[in-house]
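The values are calculated or read from the model by the stated rules, or taken from the named source; none is laboratory data. If you're wondering where the values come from, they're calculated on a predicted model, not measured in any experiment. Positions of Cβ are generated from backbone atoms using ideal geometry, with glycine treated the same way; all protein chains shown enter the neighbour counts. Please note that ligands, DNA and RNA were not included when accessible areas were found on the heavy atoms of the full protein model with its side chains. Shrake-Rupley method; radii C 1.70, N 1.55, O 1.52, S 1.80 Å.
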Amino acid sequence: MSLAKRYNPQTAEPQLQAHWQAAGTYHFAAGDGAPRYVIDTPPPTVSGHLHLGHVYSYSHTDFMARFWRMNGRNVLYPMGYDDNGLPTERLVERWLNVRATEIGRQAFIEKCLQVSDEAEKEYQALWQRLGLSIDWRYTYRTIDDQARRLSQLSFLDLYHQGLAYRQQAPTIWCPECRTAIAQAELEDLDRDSEYVTLAFGLDDGTTLPIATTRPELLPACVAIFVHPADPRFQGLAGRRATVPLFGHAVPVLADPQADPEKGSGAVMCCTFGDQTDVAWWFTHNLALVEAIGRDGRMAPAAGPLAGLPIPEARQRVKELLADQGLILGRQATAQSVRVHERCDTPVEYIITSQWFVRVLAAKEQFLAAGEQVIWHPEHMKARYRQWVENLSWDWCISRQRYFGVTFPVWYCDNCGEITVASPEELPVDPSERSPGRPCRCGNTSFTPEMDVMDTWATSSITPQLVGRWLGQSGFDGQPFQPVTLRPQAHEIIRTWAFYSIAKAHYHFGQLPWREVAISGWGLAPQGTGKISKSRGGGPVAPLEMIEQYSADAVRYWAASTGFGRDAVISEEKIQAGAKLVNKLWNVARFGQRFLEGYAPPTSGIIAASLAPADRWILSRTQRLIGRVTELFHNYDYATAKSETEVFFWTDLADNYLEMAKKRLYDEQEPAHEGARYALYHVLLATLKLFAPFLPYITEEIYRGLFAAGDGDDSIHRSRWPAADPALLNEAAEAAGDALVQIATAVRRYKSTVNLSLGAELDRLHLATAEPGLAAQLQAAEADIISVTRAREVSIGQQLDDGLAVIAADGLVTVAITPNPAGL
């Protein structure tokens with residue numbers, strides 16, 4: 001088919017996308033014996049509208065999928081949706097202005113299913129418009145029956161191994177979301193606060209000053225700690241102190257964890273203000289006072305503060321302390337507090353009964369597993385290692401919410417013993433039915449477990465969810481085989497990557513995947529930081545940018561930065577991508593008259609017809625193919641795109657086409673066929689090297705000019721170009737570099753004297769002391785005339801007198817006969 005005069009991406013891209021879907025261009029061939037490349041695609045969390053940050057990171061995976069597919073791999077590129085758990089619940093509450101606690105469990109679950117279904121259709125529409133080469137036949141939801149079954153099978157396996165356990169203990173708690181959370185879901189948030197120094201009374205009538213930022217926890221104070229080597233408090237350990245305002249006595253204890261540099265050096269231990277309080281409570285077997293409730297209000301044990309929200313209680317207790325003269329000093333301070341990553345609410349530590357997975361005892365095994373994974377970029381392994389080394393809690397996997405994967409667990413109403421479902425019963429909601437057998441005590445009355453699993457408990461088995469399509473999930477009698485690649489963002493190394501490694505290690509003693517590719521963030525302009533779909537989605541919707549500039553142009557921006565690096569959303573770079581798309585089309589349109597119906601001969605047959613410029617561009621192309629292929633093998637797509645682009649603009653478009661144009665138009669020129677051959681080979685190779693990044697424009701040109709001769713319906717199913725050693729020619733490249741030097745010198749001269757680039761020169765004089773190069777230049781005379789618009793070219797070892805030298809910094813001295821009209 002012929003190429004249209006102009007390329008309109010707004011109509012061409014949707015048409016090509018429809019063609020790919022109808023033709024099954026990106027289908028995985030289940031029975032194919034070719035080597036497989038299986039991608040553990042990140043299932044986007046259903047928590048809001050997708051933004052350009054998602055476009056950025058998901059494009060990176062697609063670049064690799066397209067490269068390996070063109071290299072003969074049988075690529076399984078599926079898609080999932082992480083649509084269970086707290087993020088989706090918060091989305092529903094925000095979009096529908098409802099609270100789960102207000103409308104009931106079942107009604108809320110139905111709304112979650114409705115909203116997530118609508119959101120997932122929106123997500124798929126964007127991914128398809130962007131051009132992700134996903135096989136949509138392989139799609140899962142983390143709330144569907146298969147995902148629920150595998151999640152529950154995973155839990156049962158951990159439970160029977162003694163790795164999953166239920167315990168009543170201090171738990172990291174989000175008062176806003178009203179659920180327990182895991183250590184990995186914490187972030188640090190800086191805020192302004194105030195140190196209040198309070199007067200604790202000692203048993204000898206003296207005062208012990210203690211500074212705190214959380215005076216509302218005074219009713220839960222159970223001990224005072226000092227450092228054993230702090231000279232200010234020698235002899236104080238073992239005595240008792242009276243808590244101001246509340247009047248109860250607590251012991252003074254020595255512990256190395258007390259920081260002499262913090263506050264007054266003496267610190268109160270409350271149940272619980274932070275993780276240190278929890279550790280002291282365990283270590284010293286302290287009393288328990290529960291002063292904060294699950295709703296973020298002060299509990300009855302808080303006395304006059306009971307019922308107040310925590311911030312109000314903090315202000316109220318300061319007033320009460322001041323009224324009684326118990327405040328010794330106040331000082332503003334900057335404070336870093338631990339908050340829930342989902343809502344930025346400061347977390348509390350309260351006693352609850354939760355399900356945990358043991359991870360602390362296996363830190364060395366997890367560290368060893370991380371060393372076996374191939375990380376792209378390699379330095380991201382350090383983030384994983386640092387996280388594992390600093391683990392201090394087992395993994396809390398239960399959540400006090402509604403929409404999620406249920407635990408297949410019941411509690412006997414008679415003896416309290418745990419009964420779990422059998423694999424044959426899964427997936428099961430214990431609230432809808434009783435276990436299929438009585439308790440060991442003979443009782444048949446049970447209370448169901450009403451908590452649901454942490455969303456990461458399901459997301460951590462995505463390699464197994466993908467593996468079930470291949471018969472290698474590791475469950476239901478299938479063996480487990482690690483998938484090829486896990487692409488993901490760097491901020492969830494501590495969650496998704498770590499939990500996936502932990503689950504695969506516990507279940508199968510294997511890695512979940514062989515390689516992991518870590519993308520950075522797409523950052524909002526003006527330095528406003530990471531954008532988030534749950535908090536607005538960024539300044540510009542992705543589809544708006546795609547419709548304005550094209551999907552290829554947006555992908556061009558995404559390809560400009562490599563794995564592991566953040567990138568500011570740059571409309572300027574997207575515009576540069578649109579310019580590149582337009583230039584590719586114009587070059588293809590130029591070449592169309594010479595390439596339509598062209599069947600290239602072998603390089604051996606055509607060799608005699610090749611001019612020096614042809615040999616140069618063909619050799620440069622072979623080196624580029626080898627270089628770009630190596631870069632892709634090293635997952636360095638950004639440099640691959642950059643070097644391909646430089647070659648296209650500089651070598652092919654700006655220089656070679658201008659050199660060969662005269663021979664291409666003149667069919668009687670002896671080297672005409674050589675120019676056609678070079679143009680065919682170089683443009684086809686360039687399109688294929690660009691194809692992973694710019695799938696639409698390369699496909700449109702390929703189908704118009706090359707599909708019939710290359711033998712494939714789609715460029716994305718064609719073979720990746722292979723460098724032809726017979727076309728590598730260092731001498732030709734040196735000659736070509738000289739030709740480029742000549743062309744550049746003439747262009748610079750014309751610009752200096754305000755001549756158009758198409759203006760003719762009377763005569764161009766070239767001098768070189770290299771006999772071989774002189775011969776090459778003589779053979780390239782037609783191309784030199786074509787690129788410089790000189791009427792006459794002379795070549796020798798020396799220049800005649802009276803010439804104007806315009807370049808003398810290379811192998812060739814370039815001069816012209818002065819033209820008074822042009823000076």
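Does segment 556-571 hold any residues that are at pLDDT 95 or above and not in a loop (DSSP other than H, G, I, E, B), and which are they?
556, 557, 558
Of everything in segment 433-454, what is open to solvent by 70 Å² or more (accessible area, probe 1.4 Å) and under 28 Å from residue 181 (Cα atoms)? Give them in sequence order.
433, 450
Restrict the check to segment 410-432 and report whether at least one residue is crowded, with 20+ Cβ neighbours inside 10 Å and over 43 Å from the mean Cα position of the chain (by Cα).
Within segment 410-432, one or more residues are crowded, with 20+ Cβ neighbours inside 10 Å and over 43 Å from the mean Cα position of the chain (by Cα).
Which strands (runs of 3 or more DSSP E) sit wholly inside segment 220-280 and have at least 3 residues that are crowded, with 16+ Cβ neighbours inside 10 Å?
On the way: elements: 221-226, 240-242, 249-254, 267-270.
Answer list for segment 220-280: 221-226, 249-254, 267-270.
Do we have residue 709 as assigned to a helix (DSSP H, G or I), within 39 Å of the chain's Cα centre (by Cα) and surrounded by fewer than 17 Cβ atoms within 10 Å (Cβ to Cβ) here?
Considered against the rule, which asks whether it is assigned to a helix (DSSP H, G or I), within 39 Å of the chain's Cα centre (by Cα) and surrounded by fewer than 17 Cβ atoms within 10 Å (Cβ to Cβ), residue 709 comes out as yes.
Mind checking whether some residue in segment 360-374 is open to solvent by less than 10 Å² (accessible area, probe 1.4 Å), aliphatic (A, V, I, L, M), more than 23 Å from the chain's Cα centre (by Cα) and at pLDDT 95 or above?
Within segment 360-374, one or more residues are open to solvent by less than 10 Å² (accessible area, probe 1.4 Å), aliphatic (A, V, I, L, M), more than 23 Å from the chain's Cα centre (by Cα) and at pLDDT 95 or above.
Filter segment 287-314 for residues that are among the charged types (D, E, K, R), in a loop (DSSP other than H, G, I, E, B) and within 15 Å of residue 273 (Cβ to Cβ) and give the result. So that I can check it myself, show each step before the final result.
To start, the set of residues in segment 287-314 that are among the charged types (D, E, K, R) comprises 290, 294-295, 297, 312, 314.
Remaining after also requiring in a loop (DSSP other than H, G, I, E, B): 290, 294-295.
Answer for segment 287-314, where residues must be among the charged types (D, E, K, R), in a loop (DSSP other than H, G, I, E, B) and within 15 Å of residue 273 (Cβ to Cβ): just 290.
Tell me yes or no: at least one residue of segment 629-640 is assigned to a helix (DSSP H, G or I), crowded, with 21+ Cβ neighbours inside 10 Å and either at positive phi or polar (S, T, N, Q) (or both). Outline the logic, then answer.
Here is the first cut: in segment 629-640, the ones assigned to a helix (DSSP H, G or I) are 629-633, 637-640.
With the extra rule that they be crowded, with 21+ Cβ neighbours inside 10 Å, the set shrinks to 632, 637, 640.
Next, only the ones that are either at positive phi or polar (S, T, N, Q) (or both) stay: none.
Checking segment 629-640: not a single residue is assigned to a helix (DSSP H, G or I), crowded, with 21+ Cβ neighbours inside 10 Å and either at positive phi or polar (S, T, N, Q) (or both).
Take residue 212 and tell me if it is closer than 27 Å to residue 334 by Cα, surrounded by fewer than 19 Cβ atoms within 10 Å (Cβ to Cβ) and touching a Cys at 6+ places or on another chain (Cβ under 9 Å).
Values: closer than 27 Å to residue 334 by Cα: yes; surrounded by fewer than 19 Cβ atoms within 10 Å (Cβ to Cβ): no; touching a Cys at 6+ places or on another chain (Cβ under 9 Å): yes.
For residue 212, the condition - closer than 27 Å to residue 334 by Cα, surrounded by fewer than 19 Cβ atoms within 10 Å (Cβ to Cβ) and touching a Cys at 6+ places or on another chain (Cβ under 9 Å) - is not met.
Condition first: of a type in the set (S, T, N, Q) and under 45 Å from the mean Cα position of the chain (by Cα). Now tell me which residues in segment 194-229 satisfy that. Don't jump to the end; show me each part of the working.
Step one: filter segment 194-229 for residues of a type in the set (S, T, N, Q), giving 197, 206-207, 212-213.
212, 213, listed by residue number.
Of these, 76, 3, which one is on the phi < 0 side of the Ramachandran plot, of a type outside the set (Gly, Ala, Ser) and out of contact with any Lys or Arg (no Cβ under 6 Å at 6 or more places or on another chain)? Full working, then the answer.
Numbers: 3 fails: out of contact with any Lys or Arg (no Cβ under 6 Å at 6 or more places or on another chain).
Just one listed residue meets the conditions, 76.
Can you tell me which residues in segment 455-474 are open to solvent by less than 10 Å² (accessible area, probe 1.4 Å) and not polar (S, T, N, Q)?
457, 461, 463, 465, 466, 467
Pairs, please: C-beta under 6 Å, at least 6 apart or cross-chain, first residue among the aliphatic types (A, V, I, L, M) and in segment 390-413, second assigned to a loop (DSSP other than H, G, I, E, B) and at pLDDT 95 or above?
Short answer, once both residue conditions are applied: 409/449.
Residue 566 is checked against (1) within 27 Å of residue 4 (Cα to Cα); (2) acidic (Asp, Glu); (3) surrounded by fewer than 22 Cβ atoms within 10 Å (Cβ to Cβ) and fails just one. What number does that condition carry?
(1)
Kindly check whether there is at least one residue in segment 297-309 that is of a type outside the set (Asp, Glu), open to solvent by less than 20 Å² (accessible area, probe 1.4 Å) and under 26 Å from residue 204 (Cβ atoms). Walk me through how you get there before you give the answer.
Within segment 297-309, the first condition is being of a type outside the set (Asp, Glu), and the residues that meet it are 297-309.
When the remaining residues are screened for being open to solvent by less than 20 Å² (accessible area, probe 1.4 Å), the result is 298-299, 302, 305.
Those left that are additionally under 26 Å from residue 204 (Cβ atoms): none.
Taking every residue of segment 297-309 in turn, none turns out to be of a type outside the set (Asp, Glu), open to solvent by less than 20 Å² (accessible area, probe 1.4 Å) and under 26 Å from residue 204 (Cβ atoms).
Would you pick out the residues in segment 331-340 that are surrounded by fewer than 20 Cβ atoms within 10 Å (Cβ to Cβ) and out of contact with any Phe, Trp or Tyr (no Cβ under 7 Å at 6 or more places or on another chain)? If you could, list the steps in order and put the result at the bottom.
Just the residues of segment 331-340 that are surrounded by fewer than 20 Cβ atoms within 10 Å (Cβ to Cβ), to begin with: 331-339.
If the condition is that a residue be surrounded by fewer than 20 Cβ atoms within 10 Å (Cβ to Cβ) and out of contact with any Phe, Trp or Tyr (no Cβ under 7 Å at 6 or more places or on another chain), then 332, 334, 335, 336, 337, 338, 339 are the ones that fit.
Please list, ordered by residue number, the helices (runs of 4 or more DSSP H) wholly in segment 26-130 having 2 or more residues that are closer than 24 Å to residue 553 by Cβ and open to solvent by 10 Å² or more (accessible area, probe 1.4 Å). Walk me through it before giving the result.
Numbers: elements: 52-70, 86-96, 100-103, 105-130.
Once the helices (runs of 4 or more DSSP H) in segment 26-130 are filtered for at least 2 residues that are closer than 24 Å to residue 553 by Cβ and open to solvent by 10 Å² or more (accessible area, probe 1.4 Å), what remains is 52-70, 105-130.
Given the residues 166, 191, which is the only one that is within 29 Å of the chain's Cα centre (by Cα) and in a strand (DSSP E or B)? Steps first, please.
Values: 166 fails: within 29 Å of the chain's Cα centre (by Cα).
From the options 166, 191, the qualifying one is 191.
Identify all residues within segment 375-406 that are farther than 30 Å from residue 451 by Cα and open to solvent by 60 Å² or more (accessible area, probe 1.4 Å); write none if there are none.
Once the filter is applied, which keeps residues that are farther than 30 Å from residue 451 by Cα and open to solvent by 60 Å² or more (accessible area, probe 1.4 Å), segment 375-406 yields 378, 379, 383, 385, 386.
Any residue at all in segment 778-786 that's open to solvent by 30 Å² or more (accessible area, probe 1.4 Å), out of contact with any helix residue (DSSP H, G or I) (no Cβ under 7 Å at 6 or more places or on another chain), among the polar types (S, T, N, Q) and modelled with pLDDT under 85? Even if it seems obvious, please write down each step before you answer.
Applying the first criterion (open to solvent by 30 Å² or more (accessible area, probe 1.4 Å)) to segment 778-786 yields 778-779, 781, 785.
Next cut, out of contact with any helix residue (DSSP H, G or I) (no Cβ under 7 Å at 6 or more places or on another chain) only: 778, 781.
Retained after the next criterion (residues that are among the polar types (S, T, N, Q)): 778.
Still in the running and modelled with pLDDT under 85: none.
No, segment 778-786 has no match at all.
Checking the structure you have, find out if any residue of segment 189-199 is closer than 30 Å to residue 473 by Cα and buried (at least 16 other Cβ atoms within 10 Å of the Cβ).
Kept after step one, since they are closer than 30 Å to residue 473 by Cα, are these residues of segment 189-199: none.
Looking for residues that are closer than 30 Å to residue 473 by Cα and buried (at least 16 other Cβ atoms within 10 Å of the Cβ), one finds none in segment 189-199, hence no.
Quick one: would you say residue 720 is touching a residue at least 12 places away in the same chain (Cβ under 8 Å) and open to solvent by less than 40 Å² (accessible area, probe 1.4 Å)?
Details: touching a residue at least 12 places away in the same chain (Cβ under 8 Å): yes; open to solvent by less than 40 Å² (accessible area, probe 1.4 Å): yes.
So residue 720 passes the test.
Taking only pairs six or more apart or across chains, which ones have beta-carbon atoms under 6 Å, a first residue in segment 333-354 that is at pLDDT 90 or above, and a second residue that is among the basic types (Lys, Arg) and open to solvent by 10 Å² or more (accessible area, probe 1.4 Å)?
Taking only residues 6 or more apart or on different chains, the pairs are 347/338.
Quick check on segment 680-690. Is at least one of its residues more than 38 Å from the chain's Cα centre (by Cα), in contact (Cβ under 8 Å) with a residue 60 or more places away in the chain and over 19 Å from residue 555 (Cα atoms)? Quick ask: steps written out before the conclusion?
Step one: list which residues in segment 680-690 are more than 38 Å from the chain's Cα centre (by Cα), which gives none.
So far as segment 680-690 goes, no, none of its residues is more than 38 Å from the chain's Cα centre (by Cα), in contact (Cβ under 8 Å) with a residue 60 or more places away in the chain and over 19 Å from residue 555 (Cα atoms).
Please enumerate the residues belonging to segment 472-487 that are more than 24 Å from the chain's Cα centre (by Cα) and charged (D, E, K, R).
476
Taking the options 595, 584, 543, 580, name whichever one is in contact with a helix residue (DSSP H, G or I) (Cβ under 9 Å, 6 or more places away or on another chain), open to solvent by 20 Å² or more (accessible area, probe 1.4 Å) and of a type outside the set (Val, Ile, Thr). If you could, list the steps in order and put the result at the bottom.
Numbers: 595 fails: open to solvent by 20 Å² or more (accessible area, probe 1.4 Å); 584 fails: open to solvent by 20 Å² or more (accessible area, probe 1.4 Å); 580 fails: open to solvent by 20 Å² or more (accessible area, probe 1.4 Å).
None of the others qualify; the one that does is 543.
Does segment 133-142 include one or more residues that are out of contact with any Leu (no Cβ under 6 Å at 6 or more places or on another chain), closer than 17 Å to residue 48 by Cβ, assigned to a helix (DSSP H, G or I) and open to solvent by less than 50 Å² (accessible area, probe 1.4 Å)?
No, segment 133-142 contains no residue that is out of contact with any Leu (no Cβ under 6 Å at 6 or more places or on another chain), closer than 17 Å to residue 48 by Cβ, assigned to a helix (DSSP H, G or I) and open to solvent by less than 50 Å² (accessible area, probe 1.4 Å).
Pull out all pairs, ordered by first then second residue, where Cβ-Cβ is under 8 Å, the residues are six or more apart or on different chains, the first lies in segment 631-642 and is under 18 Å from residue 379 (Cα atoms) and free of Cβ contacts under 8 Å to residues at least 40 places away in the same chain, and the second is assigned to a helix (DSSP H, G or I) and open to solvent by 10 Å² or more (accessible area, probe 1.4 Å).
631/639; 631/643
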